[in-house]
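Single-structure report; data block below.
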């Protein structure tokens, strides 16, 4: 008798023949199980599927530069990791404080190099993991090295702090404690990101009586900052040799916001100050500016508010007038002051000169107005706001205040 299952033909057994066949099948099954589990038996063995022999493939070889234990490593030297007979699956470079150095893995996984800056006098540990080929086991390798400790440092300061809101004319300024010789290396360490995207450029300020040569590098956009712009600046100076043997101390950064577009125009011939906010005229104030003459006349040009103080002592001895009998001598507390130049031009209240406001220029170079108008202007202005002076003959010198807008952008960005 035959039965068909799934297209296969099998024969049906009965009686002793069936029992004998069943016993034979059971014996064969038991023998097969013993051979598989025991790993051997008469007449040959059947290998266990779970007993896989270890691969004879050579493991990957990972090399790291700088090597383990290296000291006095230049922080501007890249960290490099390479692998033979495998592919890199992970690379980390961390300082003893846990700060991570960014890097780039090649497309084929054969090498990795750092893209972030190292810092002087810092210990780093490199951990690299690579997978093998042809079944070879993965490999992890580490290397610890220390960067050089400089003989001298050059510190830096920023003019804009975190979370400030500034006017549309505010440049970003990095001021160094001493002159920088490797200026191109500094520029490569500086990044500015903005939202929305804004075109801009860095510029080393030339030597003047206010700014030493190559002691200040400034960033300004092509035009005034758009109102509402978010700005982030990072200066990775801890890994930069600023001058031969002199290094930067650390990374400096700031994040700030640009406020409304407030632009004041002072017409010195008409004796007025007109404020525009986001293009619309807000108020016109009668003022007096510097009296005629090469010493006291107010400078023409685009100035930017750099400081604010509700009260400030102003002393003519700072500009060379020390004799109290001199009619140009003064030493007084002024109110609602806002600095425009390093040489001493301010916006401020000038009680006692009410007769001149809107009519005549009688000051020592500052822009004076009534106490009420000065208070209003102070309350509606911020550091970084632009004040444009017209109608005069005396030029504003480069570096005498936040004078970034006195230079054409083509020259600035060159």
- Task: Name the residue, out of 59, 49, 54, that is closer than 16 Å to residue 138 by Cβ, out of contact with any strand residue (DSSP E or B) (no Cβ under 9 Å at 6 or more places or on another chain) and either part of a loop (DSSP other than H, G, I, E, B) or modelled with pLDDT under 50 (or both).
- Result: 54
- Criterion: touching a residue at least 40 places away in the same chain (Cβ under 8 Å), part of a strand (DSSP E or B) and within 28 Å of residue 235 (Cβ to Cβ) - qualifying residue of 146, 129, 119, 89: 146
- Odd one out for residue 231 among (1) within 26 Å of residue 410 (Cα to Cα); (2) in a loop (DSSP other than H, G, I, E, B): (2)
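Yes/no matrix, rows are residues, columns are (1) at pLDDT 95 or above; (2) surrounded by 17 or more Cβ atoms within 10 Å (Cβ to Cβ):
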| position | (1), (2) |
| --- | --- |
| 358 | yes, no |
| 367 | yes, yes |
| 375 | yes, no |
| 383 | yes, yes |
| 386 | yes, yes |
| 402 | yes, yes |
| 405 | yes, yes |
| 411 | yes, no |
| 414 | no, no |
- Message: Checking residue 318 against (1) out of contact with any helix residue (DSSP H, G or I) (no Cβ under 9 Å at 6 or more places or on another chain); (2) modelled with pLDDT of 95 or more; (3) part of a helix (DSSP H, G or I): exactly one of these is not met. Which one?
- Response: (2)
- Task: Among the residues of the range 150-178, write down those that are over 21 Å from residue 306 (Cβ atoms) and surrounded by 15 or more Cβ atoms within 10 Å (Cβ to Cβ).
- Result: 150, 153, 154, 178
- So residue 81, is it closer than 26 Å to residue 125 by Cβ and either modelled with pLDDT of 95 or more or assigned to a loop (DSSP other than H, G, I, E, B) (or both): yes
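The values are calculated or read from the model by the stated rules, or taken from the named source; none is laboratory data. On a predicted model such as this, the values are computed, not experimentally measured, just so you know. Virtual Cβ from ideal backbone geometry, glycine too; neighbours counted across all protein chains shown.
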